[in-house]
Each structure stands twice: as C-alpha cells, then as structure tokens.
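Visitor: Next up is a structure, given as structure tokens.
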Amino acid sequence: MTERDEIKETLSAAPPPSASPARRKVDLAAAMAAFDTAENSASAQETMTEPRPKIRHSHLKFLWNWITTMTLPLTRRWMMAGASVAVLAIAATATLQDASVFESTTLRSRPATTEQGLTLARPETLTAQPNTAPIPAEPVIASESPRKIPELRFSLDVVGDTAPRPSLQDLVPHRTIGEQGRDRFAEIDPNQIKVTLEEPVSTFSVDVDTASYSFTRSALQNGVLPQKDAVRVEELINYFSYAYQGPEDRRVPFATHVSIMPTPWNEATQLIRIGIKGYEVTPEEKPRSNLVFLLDTSGSMNQPNKLPLLKTSFRMLVETLDPEDTVSIVVYAGSAGTVLEPTQARDKAKILAALDQLSAGGSTAGGEGIRQAYQMAEANFDPDGVNRVILATDGDFNVGITDIDELKGFVERKRQTGVYLSILGFGRGNYNDQLMQALAQNGNGQAAYIDTLNEARKILVEEASSTLFPIAKDVKLQIEFNPATVAEYRLIGYETRLLNREDFNNDKVDAGEIGSGHRVTALYEVTPVGTRGAIDGLRYQTALAPEGQSEEYAFLKVRYKQPEADASELISLPITRADEASDPEAEFAAAVAAFGQLLRGGRHTGSYTYDDVIALATRSKGSDPYGYRSEFISLVRLAKVAAAQEPQRR
C-alpha cells in the first residue's frame with residue numbers, strides 16, 4: 001500500500017471536522033479543486049483508469065464560477081467557505097451517483113485521530129458504521145465495493161489569499177502528533193539555596209544513570225528542546241568519564257577526590273566538586289553472569305528506533321560475554337513468555353537466532369514479564385556470580401500490573417534475593433522515563449536510554465563491566481558545611497536522590513549502586529562567608545569556627561556496603577582551602593552543569609549563555625578519545641538554535 005493510499009484510508013476514517021477557520025480554508029480549497037478536476041482536466045485524469053464523468057448540472061457550474069471569480073476581501077471570503085462546502089456536497093452527490101460509497105467499510109489504516117491529535121482506536125479493531133451524516137468536505141475513498149469510484153484530487157491554493165498554505169499535515173492530523181511532549185517524566189522540584197546556619201547538612205544517594213543525557217541529545221538532534229523534567233543535571237554530568245584515580249585494592253571499593261574552583265556563572269560563589277572512582281575489576285576477577293534479557297515486543301515497539309535497535313544492541317552485549325556466562329530471554333506483549341531457556345554464551349549462534357526471530361505486536365504486559373524474568377533468574381541463580389535482569393522497553397505498560405508503586409514494591413522485594421534489575425529505554429512518543437527510573441533505583445541497577453548504535457556500544461560494550469559488575473551498593477554521601485566559612489550552598493541536581501539526614505546511618509535505606517570502574521561526580525555551589533549571598537543573614541546569629549577548623553569548608557562522609565554485605569562501612573575526609581585548585585576536568589563538569597541548568601530555565605545561572613558554555617567546554621575538553629565531549633559542544637550549539645525558537649524556555 002502506497003503512502004497516498006494510506007492517506008486516503010485515514011481520511012475516510014476521520015470524523016467530520018469542526019468548523020474552525022483553518023478547516024474552512026481547507027474546505028474552500030478542496031471544493032475549488034474538486035470542481036476543476038471534475039471538468040476532466042488532463043492532470044486529473046493522469047491517475048485514473050477511465051475518464052471522469054462531466055458535471056451536467058449547468059446551474060451548479062454557473063454558481064461555482066461566480067464564487068471562484070469574485071474578488072472579495074479576505075474577511076468576506078471566510079463567509080463564502082460555508083457556501084462552498086454545500087456546493088461540494090451537491091457536486092459530490094451528482095458525480096458519485098451511488099450510495100455504496102457510504103456503505104460499511106473496514107479500516108486498514110493507522111489509528112484515526114481528531115484534529116487535537118487524540119487517538120480514537122487501534123485500526124485493527126475498529127470498524128466504521130454506515131455514514132448517515134452529510135457528505136464531508138474531505139473525499140471519502142476507502143470502500144469494499146467493487147464499483148470504481150472517481151478519485152477526488154484537490155489543491156491547497158486559495159486564490160488571492162496571503163495566509164500560509166495548509167500542508168499535508170493539516171489534512172492528516174495523526175502526522176502532526178509526532179513524538180514531542182508525549183513522553184512521561186517525574187516532576188522535578190529544583191534544589192534551592194540553603195543557609196548553612198539553618199541547615200548545615202546535605203545527604204543524597206549516588207547516581208550513575210545516564211538516560212537523561214541520551215534523551216536530551218535525541219531531542220536536540222530533532223531540533224527541539226527537551227521537556228524540562230527530562231533534564232536531570234547530575235545525569236548529564238555523569239555521562240562523561242573524568243580522570244579520577246581509582247583505588248588499588250578492592251577492599252576499599254572506590255577512591256574519593258575533591259576540588260574547589262570559582263563558579264563560571266557567578267563571581268561571588270565557588271564550586272566544590274566531589275568525584276568518586278570505583279575499583280576496576282580485572283578480567284581474571286570477573287564473576288560469571290546469569291543474565292535474563294527481558295524484552296518488550298509489544299506493538300508500541302514496532303518502530304525503527306525501538307525493536308530493531310534493541311535487537312542490534314543486545315547482539316553487541318552478547319559479543320562481550322564470556323563462554324561460561326548464561327543468557328535467558330523472556331519477552332512480553334499481550335502476555336509474557338520464554339523465548340530462550342538458560343543458554344551458555346559459548347552457544348552464541350543459538351542466542352543470536354532467538355534475538356533475530358523477535359517481532360513486535362500486541363499490548364504490553366510488562367508487569368507479568370518482570371515477574372517471569374525474576375522467576376527465570378532465581379531458577380538459574382549463581383551464588384558466586386552476577387544475577388541480573390536487563391529490561392529493554394519504551395515503558396508503555398498497559399496490561400496487568402501497571403501501577404508504579406506496586407511495581408516498585410515488587411522489584412524492591414526481589415532485590416533482596418540477590419537479583420538486580422537494569423533498564424534500557426528505547427524510542428520516543430511512549431517513553432515512560434518515570435517508570436524506568438523508579439524500577440532501576442529500586443532494583444539496584446542502572447537506567448540508560450539508547451537512541452543510537454553508538455550509544456548502545458558505549459553502554460553495552462565500552463562500559464559493560466560497570467553496567468554488569470557491582471563493586472559497592474547503597475552508596476550515600478553526606479556533607480556538613482562549616483558555617484564559619486560557607487554562608488550558603490546548593491546541590492546541583494540529584495533532586496530525585498535526596499535523602500533525609502537520618503537515612504545516612506540507616507542501613508535499611510536503599511541508595512545507589514556503583515559498578516566496576518564507575519565514576520560519580522557531584523557539584524555544590526557555595527557562597528563563602530563575607531560574600532553577599534542570595535539570602536539575607538540573620539541579625540542575632542553568628543557563626544564561630546571551632547578552633548583548628550577555620551580552614552575547612554565542609555566535612556564529607558561516604559557510606560557504602562560491599563556487594564554481599566548487609567552492614568555499611570564509612571569513609572570520611574575534610575574539604576579544606578588546600579583543595580582550591582584549577583582543574584580542567586572540574587571545569588568541563590561545570591560546563592555540563594551550566595548547560596543542564598540553562599535547559600531547565602537558568603534560574604541560578606544569571607547572564608550565563610550557551611556561548612559561554614561552548615567556550616568553557618572547548619577550553620577544558622582535554623582528552624576525548626571517543627568524541628563524546630566534542631559531541632557535547634555540538635549539542636550546545638543545537639540547543640542555542642532551538643532556544644532561539646522558544647525564547648520563553650530561556
């Protein structure tokens with residue numbers, strides 16, 4: 001079926017449009033062209049198998065010629081639109097000469113939509129009823145009748161009208177829906193500035209997810225700014241690798257690095273950067289992997305950037321596995337089922353064949369799929385290995401368990417068995433980031449978004465060890481600021497990872513997981529004492545520095561658990577003036593942080609611009625073997641162009 005045929009069938013399924021000004025314009029144009037082509041013009045007959053019947057009603061022709069030749073002001077032409085609709089109805093009746101056009105038809109097109117873009121029903125389940133309404137201004141084409149029906153063609157030109165011409169998208173509403181704005185994200189309440197005297201302690205869980213950066217890139221490469229809540233600044237920062245030195249001994253699973261630098265967007269403040277680098281597992285130390293691929297094969301995945309990209313991505317992952325690793329495949333659509341029983345990676349051909357046979361269709365029973373995937377992982381549990389479910393989906397769960405809190409509770413209980421859950425998101429339009437973030441955070445896993453093959457290679461090949469092999473779990477950071485040196489502070493990002501102060505010492509409270517070689521970066525913007533801050537000081541309170549601590553900005557504590565342990569361990573160190581240093585890696589992280597804040601509206605970035613971000617990132621780019629930092633600079637340029645089209649977002 002050609003695209004033209006699809007458009008015809010879609011138009012036949014659409015309900016009569018409302019009498020909006022834009023609709024009247026289209027009606028007028030359609031009426032004019034329909035009468036022109038009914039005169040058996042050469043251009044109109046080129047697509048017909050037999051000549052068109054001429055209109056024999058001379059009074060109709062006279063009336064139409066009078067309408068089309070009159071030179072009227074634009075305001076009066078709108079009044080004529082209603083008359084032209086009536087003329088078209090009479091002409092169509094005389095031309096078609098058979099009521100079979102309006103007999104029951106079976107729709108084989110895409111889902112019918114209203115002008116507002118609301119999907120009415122799936123095409124495979126909807127049957128049109130006999131049409132008893134007046135003949136619509138748009139042509140009705142699709143029919144089961146064997147009778148040949150003249151094809152109505154129409155032009156969109158409105159003679160003498162200076163208004164913009166309607167495009168084909170105006171006539172096929174579902175083409176204008178697109179993917180923009182329909183994806184779901186949890187609402188983010190940005191972190192506010194805190195007064196140290198009033199609230200000196202900040203606590204949060206580490207985050208190594210990167211989905212926000214990939215989604216932001218996908219939006220910008222499509223020429224639009226991402227939704228504000230799609231931008232999680234900490235995930236943008238942590239998308240990049242930084243030159244942190246890791247620990248030499250696995251008994252201390254990560255090393256901590258601190259630096260202090262002037263804030264690029266505010267001369268009155270400073271940035272404290274906290275960096276963590278995880279221990280890198282050597283090939284000899286890698287444990288066996290018991291992996292369950294839980295793959296969404298529902299109808300919503302039937303797009304090039306969804307299931308086909310998913311299959312290629314998992315082929316890449318299979319290529320990285322050791323021969324003793326085990327792979328199972330569970331899929332779900334209207335229901336869930338096992339495609340591949342536990343199979344060792346040495347039988348690579350069998351695993352790849354199972355991936356190749358997957359196709360998309362049906363509804364989305366994601367909850368049942370998760371249940372079966374955990375059941376498979378537990379049945380093949382390896383007490384000395386890594387046991388992980390990897391869920392790949394657009395997040396559109398619509399059958400079975402669909403409530404986020406219920407799914408979170410299920411995943412949270414299952415992580416106690418030693419089976420972790422990681423999430424890979426695909427596609428646009430149905431993308432449910434809110435659900436995937438909740439599942440990954442409660443499943444002790446990472447959430448990533450794959451929009452290109454390069455991103456699949458980055459996540460599943462270059463960073464496969466950090467994705468699959470945890471070196472520490474429930475990692476929490478807590479900073480106590482010194483009121484004698486820091487008047488105010490603000491944590492940049494991590495809004496969805498904030499913890500209560502008492503949660504830091506509570507080993508029952510879940511927190512983030514760090515994988516082999518993972519790097520985590522957090523930035524605090526602080527206002528030194530003696531500098532005018534954003535909040536006026538109090539008259540009756542003063543900050544006195546304890547003796548010997550006047551050089552300290554803050555005291556950092558990191559709490560974590562070994563992967564097999566239930567009790568946490570503690571690392572602590574002071575942050576002092578000695579940490580003030582120029583560091584290109586910290587400057588690049590600051591450039592990414594500024595970019596993320598600008599995308600979210602730039603509430604705390606003052607007069608800082610995208611050009612300033614480009615200059616700072618270019619100056620501090622440093623080593624860039626895979627081109628990720630160069631790509632970032634290109635994205636900032638795209639954001640600058642997109643923001644010019646949406647000045648209210650800035």
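Visitor: When the residues of segment 350-391 are filtered to those that are in a loop (DSSP other than H, G, I, E, B), of a type in the set (S, T, N, Q) and more than 26 Å from the chain's Cα centre (by Cα), which remaining residue is nearest to residue 298 (Cα to Cα)?
Guide: The residue in question is 357.
Visitor: When you look at residue 489, is it modelled with pLDDT of 95 or more, farther than 19 Å from residue 240 by Cβ and buried (at least 20 other Cβ atoms within 10 Å of the Cβ), yes or no?
Guide: Here the answer is yes, as residue 489 does meet what is asked.
Visitor: List the pairs whose first member sits in segment 445-467 and is more than 18 Å from residue 242 (Cβ to Cβ), whose second member is of a type in the set (Gly, Ala, Ser) and open to solvent by 10 Å² or more (accessible area, probe 1.4 Å), and whose Cβ atoms are under 6 Å apart, counting only residues at least 6 apart or on separate chains?
Guide: 451/218
Visitor: Quick check on this structure: which one of 312, 338 is open to solvent by 40 Å² or more (accessible area, probe 1.4 Å) and either assigned to a loop (DSSP other than H, G, I, E, B) or touching a Ser or Thr at 6+ places or on another chain (Cβ under 8 Å) (or both)?
Guide: 338
Visitor: Only one of these conditions is not met by residue 144: (1) open to solvent by 50 Å² or more (accessible area, probe 1.4 Å); (2) modelled with pLDDT of 50 or more; (3) touching a strand residue (DSSP E or B) at 6+ places or on another chain (Cβ under 7 Å); (4) more than 18 Å from residue 524 (Cα to Cα). Which number is it?
Guide: Just one mismatch for residue 144, condition (2).
Visitor: Among the residues of segment 630-641, is there at least one that is part of a loop (DSSP other than H, G, I, E, B), over 17 Å from residue 269 (Cα atoms) and not aromatic (Phe, Trp, Tyr)?
Guide: Step one: list which residues in segment 630-641 are part of a loop (DSSP other than H, G, I, E, B), which gives none.
No, there is no match, as no residue in segment 630-641 is part of a loop (DSSP other than H, G, I, E, B), over 17 Å from residue 269 (Cα atoms) and not aromatic (Phe, Trp, Tyr).
Visitor: A further question on this structure: Given the conditions (1) outside any loop (DSSP other than H, G, I, E, B); (2) over 21 Å from residue 203 (Cα atoms), which single one is not true for residue 582?
Guide: With (1) outside any loop (DSSP other than H, G, I, E, B); (2) over 21 Å from residue 203 (Cα atoms) applied to residue 582, the lone miss is (1).
Visitor: Taking the residues in segment 615-629 that are over 17 Å from residue 237 (Cβ atoms) and outside any loop (DSSP other than H, G, I, E, B) as candidates, determine which candidate is farthest from the chain's Cα centre (by Cα).
Guide: 619
Visitor: Restricting to segment 511-535, and then to whatever is part of a loop (DSSP other than H, G, I, E, B) and hydrophobic (A, V, I, L, M, F, W, C), can you tell me which residue is modelled with the lowest pLDDT?
Guide: Going through the qualifying residues, I end up with 534.
Visitor: Right, another one. Is it the case that segment 213-229 has a residue that's crowded, with 16+ Cβ neighbours inside 10 Å, in contact with a Leu (Cβ under 6 Å, 6 or more places away or on another chain), hydroxyl-bearing (Ser, Thr, Tyr) and modelled with pLDDT of 85 or more?
Guide: Within segment 213-229 (the criterion being crowded, with 16+ Cβ neighbours inside 10 Å, in contact with a Leu (Cβ under 6 Å, 6 or more places away or on another chain), hydroxyl-bearing (Ser, Thr, Tyr) and modelled with pLDDT of 85 or more), the answer is yes, since at least one residue qualifies.
Visitor: Could you check segment 496-509 and list, in sequence order, the residues that are farther than 12 Å from residue 522 by Cβ and open to solvent by less than 40 Å² (accessible area, probe 1.4 Å)?
Guide: Those that are farther than 12 Å from residue 522 by Cβ and open to solvent by less than 40 Å² (accessible area, probe 1.4 Å): 499, 503, 504, 509.
Visitor: Are any residues in segment 557-567 farther than 13 Å from residue 251 by Cα and crowded, with 19+ Cβ neighbours inside 10 Å, and if so, which ones?
Guide: Result: 558, 559.
Visitor: Moving on. Between a residue in segment 259-274 that is over 21 Å from residue 244 (Cα atoms) and any residue that is among the hydrophobic types (A, V, I, L, M, F, W, C) and not in a strand (DSSP E or B), which pairs come within a Cβ distance under 8 Å, given they are 6 or more apart or on different chains?
Guide: Once the first residue is over 21 Å from residue 244 (Cα atoms) and sits in segment 259-274, its partners that are among the hydrophobic types (A, V, I, L, M, F, W, C) and not in a strand (DSSP E or B) give 264/590; 264/591; 264/594; 264/616; 265/594.
Visitor: Same structure again: With the condition kept exactly as written, say whether any residue in segment 289-301 is farther than 20 Å from residue 372 by Cα and open to solvent by 50 Å² or more (accessible area, probe 1.4 Å).
Guide: Scanning segment 289-301, I find no residue that is farther than 20 Å from residue 372 by Cα and open to solvent by 50 Å² or more (accessible area, probe 1.4 Å), so the answer is no.
Visitor: Scan segment 442-463 for residues that are surrounded by fewer than 21 Cβ atoms within 10 Å (Cβ to Cβ) and either basic (Lys, Arg) or in contact with an Asp or Glu (Cβ under 6 Å, 6 or more places away or on another chain) (or both) and jot them down.
Guide: Across segment 442-463, the qualifying residues are 442, 457, 458.
Visitor: Then there's this: May I ask you to list the residues in segment 191-225 that are in a helix (DSSP H, G or I), touching a strand residue (DSSP E or B) at 6+ places or on another chain (Cβ under 9 Å) and of a type in the set (Gly, Ala, Ser)?
Guide: If the condition is that a residue be in a helix (DSSP H, G or I), touching a strand residue (DSSP E or B) at 6+ places or on another chain (Cβ under 9 Å) and of a type in the set (Gly, Ala, Ser), then 211, 212, 214, 218 are the ones that fit.
Visitor: Against the definition (on the phi < 0 side of the Ramachandran plot, surrounded by fewer than 19 Cβ atoms within 10 Å (Cβ to Cβ) and under 32 Å from the mean Cα position of the chain (by Cα)), how does residue 582 come out, yes or no?
Guide: Values: on the phi < 0 side of the Ramachandran plot: yes; surrounded by fewer than 19 Cβ atoms within 10 Å (Cβ to Cβ): yes; under 32 Å from the mean Cα position of the chain (by Cα): no.
So residue 582 fails the test.
Visitor: Same structure, new question: Restricting to segment 234-258, give me the number of residues that are closer than 17 Å to residue 492 by Cβ, touching a Gly at 6+ places or on another chain (Cβ under 9 Å) and open to solvent by less than 10 Å² (accessible area, probe 1.4 Å).
Guide: Count: 5.
Visitor: Of the conditions (1) open to solvent by 50 Å² or more (accessible area, probe 1.4 Å); (2) out of contact with any Lys or Arg (no Cβ under 7 Å at 6 or more places or on another chain); (3) more than 19 Å from residue 291 (Cα to Cα); (4) not in a loop (DSSP other than H, G, I, E, B), residue 434 satisfies every one except a single condition; which number is it?
Guide: (2)
Visitor: In this structure, does residue 267 turn out to be of a type in the set (Asp, Glu), closer than 22 Å to residue 578 by Cα and open to solvent by 10 Å² or more (accessible area, probe 1.4 Å)?
Guide: Considered against the rule, which asks whether it is of a type in the set (Asp, Glu), closer than 22 Å to residue 578 by Cα and open to solvent by 10 Å² or more (accessible area, probe 1.4 Å), residue 267 comes out as yes.
The values are calculated or read from the model by the stated rules, or taken from the named source; none is laboratory data. Quick caveat, the model's predicted, so the values are computed rather than measured. Counting neighbours? That spans all protein chains shown, and the Cβs are built from the backbone with ideal geometry, glycine included. These area figures cover heavy atoms from the full protein model, side chains too; ligands, DNA and RNA do not enter into them. Shrake-Rupley method; radii C 1.70, N 1.55, O 1.52, S 1.80 Å.
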